[in-house]
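S.K.: My questions will all concern the structure given below.
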Amino acid sequence: MSTTTASTRSELTSSSGRAGDKVFSGLTLAAGLIILVILAFVAGFLVLKAWPALVAPASEISTQTSFLSYVLPIMVGTLITAAIALLLATPVAIGVALFISHLAPARLAKPVGYVIDLLAAIPSVVFGAWGMMVLGPHMVGLYDWLHTYLGWIPLFGEPSTTGRTLLTASVVLAVMILPIITSLSREIFVQTPKLHEEAALALGATRWEMIRMSVLPFARPGLVSAVMLGLGRALGETMAVTLVLSAGPLTANLIGSGNQTIPSEIALNFPEAFGMRQNELIAAGLILFVITLLVNMLARWIVSRHKEFSGAN
């Protein structure tokens, strides 16, 4: 009798477990499909609203030129700003993450980690106001020095007197993406197998050699993902760049007035836009959408190339 009861209970438990698995699988599938549907709706909206501007003759474009001539300067400005921010932020972020995860004592690592997380929570408009009112004016002296000694390089032409330049916006973006890359890199570094770190140290490696041979190869795919997430944030940032930059045509001069990015162009003009002008701005948003999509696809490709070798297997 007891054997029959136990068997019945086992069958009921197994049946309920299978039912729970089916429910969980269905919910996760629905969540994944919802993301795809939302992305498809966003892409469809952008293409539908942008199409009139993409095929419009030059006479109907606000700049009286082709749409490509209109969007190319602000697209280049977006890429330049994001690239400089990434170059500035990535080495510092990785260094801070290594310091927190492997070098700093626990009583110091935790407060530094909290500060990094707090930095990520600061609103972008605060960064923009800081860049416009504090950082920009303090960068004027540096820009004068760069122009005096490196003015023969087109990147350092006539400097701005206000400091509201493409380089200032890049520095602000670097500060904004720093906590993102740092936090993700820190979590990746601490997942390095302790046995591999201890083995490297036992074989006579210094602390730096252990990090170079064990930690960094293991974390390579994750670091690529962290950097690409930071790049995505830099490409799409709107308010901070809008507050820092002074509107103007694209030039090769990084320390002069002018230059613009796609997000700031949309933020400055969309509230008052209508008709074809609105279609132009949405088309610019479509270009930014495609750029961000390509960046993420590139990141996934890079990660997939190294997923078979983590440096620790």
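S.K.: Explain nothing, just the number: relative contact order of the chain, from Cα pairs under 8 Å at least 6 residues apart, as a whole percent.
M.R.: Once normalised by length, the contact order is 27 percent.
S.K.: Can you give the extra length, in nm with one decimal, that the chain gains between Val76 and Met297 once fully stretched, where that is 0.36 nm per residue apart less the Cα-Cα distance?
M.R.: Going from the current span to full extension adds 77.6 nm.
S.K.: May I ask for the percentage of alpha-carbon pairs in region 198-313 that lie more than 23 Å from each other?
M.R.: Values: 3547 of 6670 pairs.
The answer is 53 percent, as a whole percent.
S.K.: List every DSSP H helix in the chain whose Cα atoms extend 15 Å or more along the helix's own long axis and whose mean Kyte-Doolittle hydropathy is at least -1.0. Mind showing how you got there, number by number?
M.R.: Numbers: long enough: 2-55 (78 Å, 0.99); 67-98 (46 Å, 2.15); 106-120 (21 Å, 0.97); 136-150 (20 Å, 0.07); 166-189 (33 Å, 1.85); 216-236 (29 Å, 1.09); 276-306 (45 Å, 1.03).
Length and hydropathy pass: 2-55, 67-98, 106-120, 136-150, 166-189, 216-236, 276-306.
S.K.: Next up: What is the calculated FRET efficiency for Ala43 to Leu203, with r their C-beta to C-beta distance and R₀ = 35 Å, to the nearest 0.05?
M.R.: After rounding, the FRET efficiency stands at 0.10.
S.K.: Oh, and also: Would you kindly state how much longer the chain becomes between Asp117 and Ala30 on full extension, computed as 0.36 nm times their sequence separation minus their alpha carbon distance, in nm to one decimal?
M.R.: So the extension gain works out to 28.2 nm.
S.K.: Could you tally the net charge around Ala56, taking each other residue with its Cβ under 15 Å from the Cβ of Ala56, Lys/Arg +1 and Asp/Glu -1?
M.R.: Working: positive: Lys49, Arg277; negative: Glu60, Glu280.
Counting the neighbours of Ala56, the net charge comes to 0.
S.K.: Something else: For region 10-153, how big is the tail of P(r) above 27 Å, as a whole percent of Cα pairs?
M.R.: Roughly 64 percent, rounded to a whole number.
S.K.: Quick one: grab the alpha carbon gyration tensor of region 191-233, order the square roots of its eigenvalues as a ≥ b ≥ c, and give me rounded if a/c is under 1.5, else prolate or oblate depending on whether a/b is larger than b/c.
M.R.: Prolate.
S.K.: Using a Förster distance of 45 Å, how high is the FRET efficiency between Thr161 and Lys194, based on the Cβ-Cβ distance and rounded to 0.05?
M.R.: 0.25
S.K.: When the chain is treated as a GNM, springs tying every alpha-carbon pair under 10 Å, which of Leu29, Leu195, Leu254 comes out with the largest mean-square fluctuation?
M.R.: Top of the fluctuation ranking is Leu29.
S.K.: Just how many % of Cα pairs in region 204-261 lie over 14 Å apart, if you round to the nearest whole percent? All intermediate terms of the calculation are to be shown ahead of the outcome.
M.R.: Working: 1160 of 1653 pairs.
So the portion of pairs separated by more than 14 Å is 70 percent.
S.K.: For Thr78, what charge total do you get from the other residues with a beta carbon under 10 Å from its beta carbon, if Lys and Arg give +1 and Asp and Glu give -1? The partial results should precede the final answer.
M.R.: On the way: positive: none; negative: Glu237, Glu265.
It works out to a net charge of -2.
S.K.: Could you line up Glu265, Glu197, Glu158 from fewest to most neighbouring Cβ atoms inside 10 Å?
M.R.: Lowest to highest Cβ neighbour count: Glu158, Glu197, Glu265.
S.K.: Taking the Cβ of Ile282 as the center, what net charge do the other residues with Cβ under 14 Å away carry, scoring Lys and Arg +1 and Asp and Glu -1?
M.R.: 0
S.K.: Once the Cα gyration tensor of region 56-306 is diagonalised, what are the square roots of 5 times its eigenvalues, in whole Å and ordered largest first, as equivalent ellipsoid semi-axes?
M.R.: Listed largest to smallest, the semi-axes of region 56-306 are 38, 22, 16 Å.
Laboratory data are not the source of any read-out in this text; all were calculated from the coordinates shown. None of the values given here were measured: they were computed from a predicted structure. Neighbour counts are summed over all protein chains in view; Cβ atoms, including those assigned to glycine, are modelled from backbone coordinates with ideal geometry.
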